[in-house]
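Asks: Quick one: this structure, given as structure tokens, is what I'll be asking you about.
The values are calculated or read from the model by the stated rules, or taken from the named source; none is laboratory data. Predicted model only: the values in this text are computed from it and were never measured. Cβ placement follows ideal geometry from the backbone for every residue including glycine, while neighbour counts extend to all protein chains displayed. In case anyone asks, the SASA skips ligands and DNA or RNA and just uses the protein heavy atoms, side chains included. Shrake-Rupley method; radii C 1.70, N 1.55, O 1.52, S 1.80 Å.
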Amino acid sequence: MNLVVVGHVEWVEFARVDHLPAAGEIVHASETWEEAAGGGAVAAVQLARLAGSVHFFTALGGDELGRRARAQLESQGVELHAATSAGPQRRALTHVDADGERTITVLGDKALPPGGDGLLPWEELARADAAYFVSGDVEALRHARRARTLVATARELPTLARAGVEIDVLVGSGEDEGERYRPGDLDPPPKIVVTTAGALGGWIQPGGPFTAAPLPGKVEDAYGCGDCFAAGLTYGVAAGRPIDEAVELAARCGAAVLCGRGAYAGQLTQA
């Protein structure tokens, strides 16, 4: 399959702590690590592991962290099409508490893959079986619409609304207000809406409820669960699976990364 992700990258520093610090409190990390992540990067690597390859349209900083992010993602099987942003690589600080919940502080502006400057090979989208739109400008989204199937995150509803393109599958959250889709938010409306609700599973519209996948191990780190869910869903619909089977695969991808350290250690490698 020819699969594409359009989205952003963050250089993430992780700290495992017993609990999040209260106001004025000092906490000590039992473990720290760092890696290139963010919604676009995590989804791209998950798709590369499921499908063997993926095209990732993004923007990276021109500094050392941007170069490290490029090297890491290419080593993970991602074919990068990356513009160079004017500023430094966007960063994030992530606390992971004793329950595996992640809390993120983002540093810097989101560098978006530009759709209108002619620097990126957007003609690749016309050959794509599916594209997953994580972030980008309106022109980038319209390029992504050239794929046979377009999956998009509800996190970018303002961009989706301005572009006015039809989304085949919209992925949102029933727990995160920033990812909540309501009827009437988009014109034309998405063909299918998949709403997640963590351990409760979620809802497919049209369709009905779905259950969460069994966990393959101990909960380690919730970072990247939603991004891996969306990647698995994209793979499933690109492969022509019925939507309930695609969602089942997506749920397994989300459960797998929940049981691994960081954004990639637990990622599912077989569909």
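Asks: Please list, ordered by chain and number, the residues whose modelled amide H lies under 5 Å from the amide H of Val5; skip anything fewer than 5 residues away on the same chain.
Replies: His55, Phe56, Phe57, Tyr132
Asks: What is the ratio of the Cα radius of gyration of segment 129-268 to 2.2 N^0.38 Å, where N is its residue count, to two decimals? Before the final figure, lay out the partial values.
Replies: Numbers: Rg = 14.3 Å, N = 140, 2.2 N^0.38 = 14.4 Å.
For segment 129-268, the normalised Cα radius of gyration is 1.00.
Asks: Principal axis extents for the chain, Cα atoms only, whole Å, descending order, please.
Replies: The Cα atoms of the chain stretch 49, 44, 35 Å along the principal axes, largest first.
Asks: Let me ask something else about it. In the chain, what cysteines have no partner Cβ closer than 4.7 Å?
Replies: Cys with no partner Cβ under 4.7 Å: Cys225, Cys259.
Asks: Also, I was wondering about something else. Through the Karplus equation 6.51 cos²θ - 1.76 cosθ + 1.60, θ set to phi - 60°, convert the phi angles of segment 76-85 into ³J(HN,Hα) values in whole Hz; use x for Gly and Pro.
Replies: My calculation for segment 76-85 gives 9, x, 8, 8, 8, 10, 10, 6, 9, 6 Hz in order.
Asks: Shape verdict for segment 191-271, please, from the Cα gyration tensor: rounded (a/c under 1.5), prolate (a/b greater than b/c) or oblate.
Replies: Details: a/c = 2.18, a/b = 1.54, b/c = 1.42.
Prolate, since a/c reaches 1.5 and a/b exceeds b/c.
Asks: Once fully extended, how much extra length lies between Val106 and Glu79, figured as 0.36 nm per residue of separation less the alpha-carbon to alpha-carbon distance?
Replies: Length gained, Val106 through Glu79: 7.2 nm.
Asks: Using the Karplus curve 6.51 cos²θ - 1.76 cosθ + 1.60 with θ = phi - 60°, what ³J(HN,Hα) values do you get for each residue of segment 218-231, in whole Hz, with x for Gly and Pro?
Replies: Karplus values, whole Hz, x for Gly and Pro: 6, 5, 10, 6, 7, 4, x, 4, x, 5, 5, 4, 5, 5.
Asks: Please give the calculated 222 nm ellipticity per residue for the chain, where each DSSP H segment of at least 4 residues contributes -39500 (n - 2.57) and the sum is spread over every residue; nearest 500 deg cm²/dmol? Each step should come with its number before you reach the end.
Replies: On the way: 6 runs with 69 residues, N = 271.
Result for the chain, helices only: -8000 deg cm²/dmol.
Asks: Specify whether the C-alpha gyration tensor of segment 81-150 places it in the rounded, prolate or oblate class, a ≥ b ≥ c being the square roots of the eigenvalues: rounded for a/c under 1.5, otherwise prolate if a/b is larger than b/c and oblate if not. Working shown, then result.
Replies: Working: a/c = 3.49, a/b = 1.67, b/c = 2.10.
Judged from the Cα gyration tensor, segment 81-150 comes out oblate (a/c at least 1.5, b/c at or above a/b).
Asks: Further question on the same structure: Just to be sure I understand the model, the point goes 7 Å from the Cα along the line to the Cβ. What's the resulting Cys259 to Val27 distance in nm?
Replies: 2.5 nm
Asks: Next question, about the same structure. What FRET efficiency comes out for Glu139 versus Lys191 if R0 is 30 angstrom and r is the Cβ-Cβ distance? Round to the nearest 0.05. Before the final figure, lay out each step's value.
Replies: Details: r = 22 Å, r/R0 = 0.75.
Once rounded, the FRET efficiency stands at 0.85.
Asks: Kirkwood hydrodynamic radius, segment 56-118, all distinct C-alpha pairs: what's the number in Å? Please report the intermediate quantities before stating the final value.
Replies: Numbers: mean 1/r = 0.0765 Å⁻¹.
After inverting the mean inverse Cα-Cα distance, the result is 13.1 Å.
Asks: Work out the FRET efficiency for Arg241 and Glu177 from their Cβ-Cβ distance, taking R0 = 25 Å, and round it to the nearest 0.05. It would help to have the intermediate numbers written out before the result.
Replies: Working: r = 30 Å, r/R0 = 1.21.
With a Förster radius of 25 Å, E is 0.25.
Asks: Another one. Note down the magnitude of the dipole of the chain about its Cα centre, charges +1 on Lys and Arg C-beta and -1 on Asp and Glu C-beta and zero elsewhere, to the nearest 20 debye.
Replies: Numbers: 23 positive and 36 negative charges, 123 e Å.
With only Lys, Arg, Asp and Glu charged at Cβ, the dipole is about 600 debye.
Asks: Per residue of segment 125-132, in order, report the coupling 6.51 cos²θ - 1.76 cosθ + 1.60 (Karplus, θ = phi - 60°) as ³J(HN,Hα) in whole Hz, putting x for Gly and Pro.
Replies: With the stated coefficients, segment 125-132 comes to 5, 5, 9, 7, 6, 7, 10, 10 Hz.
Asks: With a probe of 1.4 Å, find how much accessible area the chain has per residue, and write the answer as a whole number in Å². Please report the intermediate quantities before stating the final value.
Replies: Details: 11560 Å² over 271 residues.
With all protein chains present, the chain gives 43 Å² per residue.
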